[in-house]
Every structure is written in C-alpha cells, then in structure tokens.
Amino acid sequence: MNPEQSTTALLFIHALSPLHAGTGQGIGAIDLPIAREKATGIPYLPGSSLKGILRDRAQGKGWDKDTLFAVFGPETEAASEHAGAVQVGDAKLLLLPVRSLYGVFALVTSPYLLERFRREAEMAGLTPPPLPPSLGQGQILVAPNSRLPEGGKVYLEDLDLEARSTPGVGEWEDWLTRTQAPVAGRLAVVHDDVMAFLLETATEVVARIRLDDATKTVAQGALWYEESLPAESVLYSMVRAEPSRRKEKALPAEAGLALFKGLLQGALQLGGKATVGRGLCRVSVGG
C-alpha cells in the first residue's frame, strides 16, 4: 500500500459520564479496574471499543454490506479475506479531571502527555501550541486567567502546589476548545511524577452491589469495586484510512474516512456498564 494514498485524522473523546474501559477481573483491591498501558500505567480506551460501536451504528443506518465491509472489514468468520480501510488506534488520555478547592475541578495534564499528544496531532496535520516550560514537582502551570489558584497555590485533592502563570497554558486552553470540554480557566500542567500519582488516586472507584430479589438485601458475595475515568475526561485517538481492499467496493481513502466521520454525530456509548449510564461520550474530529 502506497503511504501517499492514506489519510489520517485525530478524534477527541470527551466523557460525559464516567468511562469504564475494563480489563476483566482485577487482582488488587479493585475488582474491575480500567485498562492501563503496561509501561506507563496511563489509562486508555481500546480502539476496538470505538470501532465496534461505530460499526454497529453504520449497520443501524442501513449501510450496504459492501460499504460496511470495505470500511470496517468483513465479519469475524471471513476476516482473512481483507482488512478494513479504516484503522482506529487506542484512545489515549490527554486531560484528567481532578477535584480542586477553587474552580470546582481542574483538567490536569503533564509534559509527557502533551508531548506525545503533540506528536500524534502533527501526524494528523494539526499544529498544537509549543510545549509549556519545565516545572518542579511542587509546581503547577496555569493560564493567566485561571480560576484555580488562590494565594499563589492550587489545591488538587490533598495536594497543594505552587501556581505559576504562563501564557503558554492559555494558548493550550484556546487550542483545546475544539474538544468541547470545559477547559477555559481550568487547564493545569503538573510534573510527570505528580501526574502518575493522580492517575492512581484520582480515578473514580465505586462500590457496586446486587440485591437478593426476595430479601432486598445484598446477595451473598455480590459486592464489588469498579474503577472508571471520571466524567469530563478527554482522550484522543488516531484514525488512519487507506483505499478499500474489497473488490466489490472501490473506495478512496478520503471517501472511507468521510463515511467514518459521518458516524460521529450525537453521543456514543463507549466501554462497559452501559445499563447504569457509564461511557456516554461526545466524539469530535480534531482540526
């Protein structure tokens, strides 16, 4: 496949309710943890979750079989025939909402998260602002108009960090308005080590129970703990399209990607626990 025939786009995923992209049974205190990258421990949403939901939506919209198979690939039993034209990458975390003493909550990121986001955004033809200046573990970078600082400090959960105002964070706030998340006055950049701590302690963990139908009390052994990314989290996913490999449906890369983008209208339910309102997301195209 000629690389010049392919086209890419960046998708932003804004969680409107807690997002549970699970990994099955946990081995620690949390019975149902979220998926995390092995090397970094950063939460992510598998690309298969997004692709599967959009494939179902395409079927619901009445796509003909050849178009559906050209864009998403054939059914599992015929998967060896050809690949789909659209490749959906895992959705990586960009902004984590963290409770703040002032401004209600902050949308927190770190130099590493911004660096790898910038790398993929440039691959998709976007031009994000420059990376903000370096900072120490006890510092936090905010925009000049931030609603988070009070008395030179920003208080996140049980952390108090020295606030440093920089126009660079304001540029990122302006640029990230395209995610449709409430970033204005709330964006904060912390040290990578502090971010690692927040990724372990600032996710949402809730106790779930199942009631016995007869007694309306907790059924024996039916208590478990479940982890989710909080509502207002922002993730991003790289999408790449190539010309169709299906003989019955010639489709240029741009046309396949356009069909894929057309499925993003309205809210999507991603991850698990849909019946209890988890995973309601707004997906938009960057740029």
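Quick look at the values:
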read-out	value
Selection count where residues are under 16 Å from the mean Cα position of the chain (by Cα) and farther than 24 Å from Trp224 by Cα, scope the range 27-42	1
Residue check, Ser80 part of a loop (DSSP other than H, G, I, E, B), of a type in the set (S, T, N, Q) and either in contact with a strand residue (DSSP E or B) (Cβ under 8 Å, 6 or more places away or on another chain) or surrounded by fewer than 21 Cβ atoms within 10 Å (Cβ to Cβ) (or both)	yes
Enumeration of residues in the range 186-238 that are closer than 28 Å to Lys153 by Cα, among the acidic types (Asp, Glu) and free of Cβ contacts under 8 Å to residues at least 60 places away in the same chain	Asp193
Residue check for Leu16: at pLDDT 95 or above and over 18 Å from Phe117 (Cβ atoms)	yes
Residues of the range 128-144 satisfying the condition of being of a type outside the set (A, V, I, L, M, F, W, C), more than 14 Å from Val194 (Cβ to Cβ) and modelled with pLDDT of 95 or more	Pro128, Pro129, Pro130, Pro144
Verdict on Leu113 being under 25 Å from the mean Cα position of the chain (by Cα), under 17 Å from Leu199 (Cα atoms), in contact (Cβ under 8 Å) with a residue 60 or more places away in the chain and outside any strand (DSSP E or B)	yes
Residue selected from the range 213-236 under the condition in contact with a strand residue (DSSP E or B) (Cβ under 7 Å, 6 or more places away or on another chain), part of a loop (DSSP other than H, G, I, E, B) and among the polar types (S, T, N, Q), by the criterion nearest to Arg119 (Cα to Cα)	Ser233
Hits in the range 43-65 - residues which are over 24 Å from the mean Cα position of the chain (by Cα) and surrounded by 15 or more Cβ atoms within 10 Å (Cβ to Cβ)	Trp63
Unmet requirement for Leu68, which otherwise passes all of (1) in contact with a helix residue (DSSP H, G or I) (Cβ under 7 Å, 6 or more places away or on another chain); (2) part of a loop (DSSP other than H, G, I, E, B); (3) surrounded by 18 or more Cβ atoms within 10 Å (Cβ to Cβ)	(2)
Selected residue (criterion: surrounded by the fewest Cβ atoms within 10 Å (Cβ to Cβ)) from residues of the range 28-42 that are outside any loop (DSSP other than H, G, I, E, B) and modelled with pLDDT of 90 or more	Arg36
Of all residues making up the range 116-130, the number that are surrounded by fewer than 16 Cβ atoms within 10 Å (Cβ to Cβ), assigned to a loop (DSSP other than H, G, I, E, B) and out of contact with any strand residue (DSSP E or B) (no Cβ under 9 Å at 6 or more places or on another chain)	2
Filter result (outside any strand (DSSP E or B), touching a helix residue (DSSP H, G or I) at 6+ places or on another chain (Cβ under 9 Å) and surrounded by 18 or more Cβ atoms within 10 Å (Cβ to Cβ)) within the range 187-212	His191, Met195
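Here is a yes/no grid of residues against (1) crowded, with 20+ Cβ neighbours inside 10 Å; (2) under 17 Å from Leu96 (Cα atoms); (3) of a type in the set (Lys, Arg):
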residue	(1), (2), (3)
Ser146	yes, yes, no
Gly152	no, no, no
Leu156	yes, yes, no
Glu162	no, no, no
Pro167	no, no, no
Leu176	yes, yes, no
Gln180	no, yes, no
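The values are calculated or read from the model by the stated rules, or taken from the named source; none is laboratory data. Computed from a predicted model, the values in this text were never measured in an experiment. Every residue, glycine as well, gets a Cβ built from its backbone with ideal geometry; the counts of neighbours run over all protein chains shown.
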